[in-house]
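Working notes, beginning with the structure itself.
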Amino acid sequence: MIEIKRIDSGLGIRVRLQNSNFLLISAKKGYIMCGYLNMETAEKLGDIACTVTGVKTFEDVLKAKIVSVSKSASALGLKKGMSGRAALDILSTEP
């Protein structure tokens, strides 16, 4: 099952898989991804991306601490340890 939902000023996508959930919240400048996605690929593509782990719901993503950030995300002010909600705020702001 696939769920698409407005999350604050971002768009959440959840895919229920056999043993877990794939979660992504996309915003104007970049995205927050669960551990299913690969930071190495995001880095190669120059994406503004950060990762959270151990999440099952969109609310979990917002509460979770960021465990990795791409170089582009770091340049924007995203840091390991900040909450997903704080990251979404940065990713959603106007330039």
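What follows is calculated from the coordinates using simple rules that are stated; it is not laboratory data. What you are looking at is a predicted structure, and each value in this text was computed from that prediction instead of being measured. Note: ideal-geometry Cβ built from the backbone for every residue, glycine included; neighbour counts use all protein chains shown.
Tabulated results
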| read-out | value |
| --- | --- |
| Top-ranked residue of the range 12-42 - restricted to ones that are part of a strand (DSSP E or B) and β-branched (Val, Ile, Thr), ranked as surrounded by the fewest Cβ atoms within 10 Å (Cβ to Cβ) | VAL15 |
| The range 70-95 residues that are touching a residue at least 24 places away in the same chain (Cβ under 8 Å), paired with ones that are in a helix (DSSP H, G or I) and among the acidic types (Asp, Glu) (beta carbon under 9 Å, 6 or more apart) | SER70/GLU43; LYS71/GLU43; SER72/GLU43; GLY84/ASP60 |
| Residues that are more than 12 Å from ILE32 (Cα to Cα) and part of a loop (DSSP other than H, G, I, E, B), drawn from the range 43-78 | GLY46, GLY54, LYS56, THR57, GLY77 |
| In the range 43-57, the residues that are surrounded by 13 or more Cβ atoms within 10 Å (Cβ to Cβ) and either closer than 16 Å to ILE90 by Cα or in contact with a helix residue (DSSP H, G or I) (Cβ under 7 Å, 6 or more places away or on another chain) (or both) | GLU43, ASP47, ILE48, ALA49, CYS50, THR51, VAL52, VAL55 |
| Any hit, the range 83-94, residues being acidic (Asp, Glu) and farther than 20 Å from ILE4 by Cβ | yes |
| Subset of the range 58-82 [small (Gly, Ala, Ser) and surrounded by fewer than 16 Cβ atoms within 10 Å (Cβ to Cβ)] | SER74, ALA75, GLY77, GLY81 |
